[in-house]
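> My questions will all concern the structure given below.
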Amino acid sequence: MTTDITFNENWERRWHPLLREWVILAATTSERPWSGETISSGPEENPVFDPDCYLCPGVTRASGKKNPEYQKPFAFTNDFASFSLEAPDVHRHEPFEIVEPAHGICRVICFTPRHNITLAEMSREELLDVVNIWKKEFDELGRNPAVKNVLIFENKGKVIGVSNPHPHGQIYATGYVPKVVQRELDSFIEHKVSHGKGLLEELVEHELKKGTRIICRNEHFVAFIPFFARFVYETYIVPRRHIAQITDLTEEETQAYAEIHHQMIVRFDNLYNMSFPNITMLHNAPTSGEEKNRIFHFHTEFYPPMRSPDKLKYLAGFESGGGNIINPVKPEEAADRLRQASTIHYKYR
């Protein structure tokens, strides 16, 4: 028999239905004495234009290609890509040495020509331009028969490993389906077969009924920290209507998505009055054309590494070696903090 979780419980395992693995909730660990590394949230002063930045308008990149004098989001193929359609077509299946080609296309999306701004500091109209280029790129890359999956993402902040502060994101269009996307697709299919409804559709209904983990919502989308969050401020944006890919969004839904996406990243910044480090992932159905892919439910996942204003969440011994992530803050508490964060950017308050 299952019972509702109370706020007094500090240790428990929560089941992650999308990844089909356990997440450990250990709220007492957030109170541990800390003498390790801390980070500074001081503002960075960058120029509007940096002639040494290979993402700024008009700059010649290391490849010798020159960026146009773009005024809106600009996309180009990564000069130093992790995947390539020209990768060797090698297939080797030997004991302990199985090799397949790393075919794919890596694209870079410059969100704005301004070097000294972040996506959260841009207007909602400017973010809508970014969402529209995401849709355009997804559509074009997904039509390539060599591409099986298109993963759109943004890495933000030095602590994430970002070497260039110019506001940008990336797209990896690969010749295979990445493990997390495949695991989610399998979970969606299994849930549909066993329950007759979509997994995320039922999850959204559940979260709306509970209410304690909802951060914000509009007519078409709901943003919440899931019950099984692995990271303190891990947040999902899920469309209320079942759609498989970002290109399925209507014009009205696209505007609603840009609105709630912008509201979330502004809340992140306002939480600690800092440019909030973050990994943003747009999870879409694979593009291989199989009918089962349509069961996938498009959604966005945010993985902020912050556990407090000056501390990062590290995956150390047990988590890296054992495979189960430990969340030191209750999702209900984290959601409450984000609900209270302003939707007006802290720099302009």
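> Over all distinct alpha-carbon pairs, what is the Kirkwood Rh of the range 78-137 in angstrom?
The answer is 14.7 Å.
> In a GNM of the chain with a 10 Å cut-off on Cα contacts, which of 176, 303, 70 has the highest mean-square fluctuation?
70
> How big is the Cα convex hull of the range 190-349 in projection, averaged over all directions, in nm²?
10.9 nm²
> Taking a cut-off of 20 Å between Cα atoms, list the lysines near residue 209, but don't count ones fewer than 8 places away on the same chain.
197, 330
> OK, next. FRET efficiency for residue 273 and residue 94, Cβ-Cβ distance as r, R0 = 35 Å, nearest 0.05?
The computed FRET efficiency comes out at 0.05.
> Residue 71: net charge of surrounding residues, Cβ under 12 Å, Lys/Arg +1, Asp/Glu -1, itself excluded?
So the surrounding residues net to -1.
> Got the relative contact order for the range 11-348 handy, in percent, Cα pairs under 8 Å and 6 or more residues apart?
22 percent
> Another question, then. Where a Cα-Cα gap under 15 Å defines reach, which aspartates and glutamates qualify for residue 136, not counting those fewer than 8 residues away within the same chain?
248, 251
> Measuring from label point to label point, each 7 Å out along Cα→Cβ, what is the residue 219 to residue 78 span in nm?
The two pseudo-label positions are separated by 3.8 nm.
> Name the most mobile residue of 99, 181, 266, meaning the one with the largest mean-square fluctuation, in a Gaussian network model of the chain with Cα contacts below 10 Å.
Most flexible of the set in this elastic network: 99.
> Report the antiparallel proportion of the DSSP beta bridges in the chain as a percent, rounded to a multiple of 5.
Here the share of antiparallel DSSP bridges comes out near 95 percent.
> Once mean projected area of the Cα convex hull in nm² is worked out from the coordinates, which option in (1) 22.2; (2) 19.2; (3) 20.2 does it equal?
Computed from these coordinates, mean projected area of the Cα convex hull in nm² corresponds to label (3).
> Also, quick follow-up: Any of 148/179; 158/313; 156/313; 158/311; 72/156 with alpha carbons more than 18 Å apart? Name them for me.
72/156
> Still on this model: Quick test of the membrane-span-like rule: which DSSP H helices of the chain reach at least 24 Å along their long axis (C-alpha atoms) with mean Kyte hydropathy at least -1.0?
Membrane-span-like by this rule: 124-142, 251-272.
> Return the calculated 222 nm mean residue ellipticity for the chain, to the nearest 500 deg cm²/dmol, obtained by summing -39500 (n - 2.57) across DSSP H runs with n ≥ 4 and dividing by the residue count.
Calculated from helices alone, the mean residue ellipticity at 222 nm is -8000 deg cm²/dmol.
> Can you quote the Å³ per residue value for the convex hull of the Cα atoms in the range 96-212, rounded to an integer?
211 Å³
> Something else about it: Determine, for 135, 148, the number of other Cβ atoms within 10 Å of each Cβ, and report the residues in order from fewest to most.
Least crowded to most crowded, the residues run 135, 148.
We did not get these values from a lab; they are worked out from the coordinates using the rules stated. Being a predicted model, the structure only gives us computed values, none of them experimental. All Cβ positions, glycine included, derive from the backbone under ideal geometry; neighbour counts span all protein chains shown.
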